[in-house]
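Have a look at the structure below before the remarks.
The values are calculated or read from the model by the stated rules, or taken from the named source; none is laboratory data. All of these numbers come straight from a predicted model, not from anything done at the bench. Cβ atoms come from the backbone with ideal geometry, glycine included; neighbour counts cover every protein chain shown.
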């Protein structure tokens with residue numbers, strides 16, 4: 001177990017692990033054996049994600065669906081460290097712990113510092129359709145998101161929940177320095193390999209396109225993203241990679257229709 005010194009007393013000293021698993025706070029998200037809480041200490045906010053025991057039933061259910069379940073918070077911690085190595089802004093860990101016999105009896109947690117003065121790209125762009133943003137700002141956002149996607153996929157990483165709600169805009173740096181900083185969050189399902197299989201690249205990009213369909217992007221904006229992601233002229237992309245991007249588009253449209261049902 002690793003924990004910032006100032007948080008040990010907050011969770012009960014020597015019984016820290018049990019104290020963390022039973023901590024009280026504002027429930028931010030809850031799903032099966034996972035729960036995310038928002039807590040504050042000395043005016044500073046933290047997100048605590050708890051992974052309870054998965055159990056054999058859930059493990060077998062996932063395996064029968066050809067999926068390996070996320071058993072601990074360790075995957076998120078490793079993903080954070082990898083993104084830091086790649087120069088991608090993300091969450092800052094403040095604590096991590098794991099105990100139990102794998103795989104069914106594992107319990108774990110990860111604590112990350114709150115990213116203050118940020119807003120999700122989903123919220124940031126919510127009114128773009130009716131009130132278009134400054135062109136240079138929109139262009140910078142498109143290029144920055146494309147660069148993050150490209151860097152992930154070129155280094156064997158796929159996110160699996162690659163939606164605009166998981167990109168956080170740093171409002172303070174934008175307002176004070178006109179500097180665009182974007183953080184990528186929610187990394188617990190990230191996969192890391194030597195090379196990212198194409199089907200997972202398509203899934204990530206389709207999720208990104210699907211989640212941005214209602215924010216007023218034009219066809220030219222999509223072309224700008226494709227150019228920034230591929231690092232190639234549009235003519236070359238349309239000639240050599242048309243099939244790839246058509247599969248991305250088809251999957252994104254399918255997701256959109258399914259979500260509208």
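Values for this structure:
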read-out: Residue match in region 150-162 (condition: surrounded by 16 or more Cβ atoms within 10 Å (Cβ to Cβ), free of Cβ contacts under 8 Å to residues at least 60 places away in the same chain, part of a helix (DSSP H, G or I) and in contact with a strand residue (DSSP E or B) (Cβ under 7 Å, 6 or more places away or on another chain)); value: no
read-out: Residue in region 216-225 that is touching a helix residue (DSSP H, G or I) at 6+ places or on another chain (Cβ under 6 Å), in the same structural domain as residue 123 (by TED's automatic domain parsing), over 28 Å from residue 123 (Cα atoms) and surrounded by 13 or more Cβ atoms within 10 Å (Cβ to Cβ) present; value: no
read-out: Among the candidates 54, 72, residue that is at pLDDT below 85, assigned to a loop (DSSP other than H, G, I, E, B) and either surrounded by 14 or more Cβ atoms within 10 Å (Cβ to Cβ) or in the same structural domain as residue 151 (by TED's automatic domain parsing) (or both); value: 54
read-out: Pair list, Cβ under 6 Å, 6 or more apart: region 234-261 residue surrounded by 11 or more Cβ atoms within 10 Å (Cβ to Cβ), other residue not in a helix (DSSP H, G or I); value: 256/213
read-out: Strands (runs of 3 or more DSSP E) fully within region 1-51 counting 2 or more residues that are assigned by TED's automatic domain parsing to the domain that holds residue 97, in contact (Cβ under 8 Å) with a residue 40 or more places away in the chain and over 18 Å from residue 100 (Cβ atoms); value: 44-51
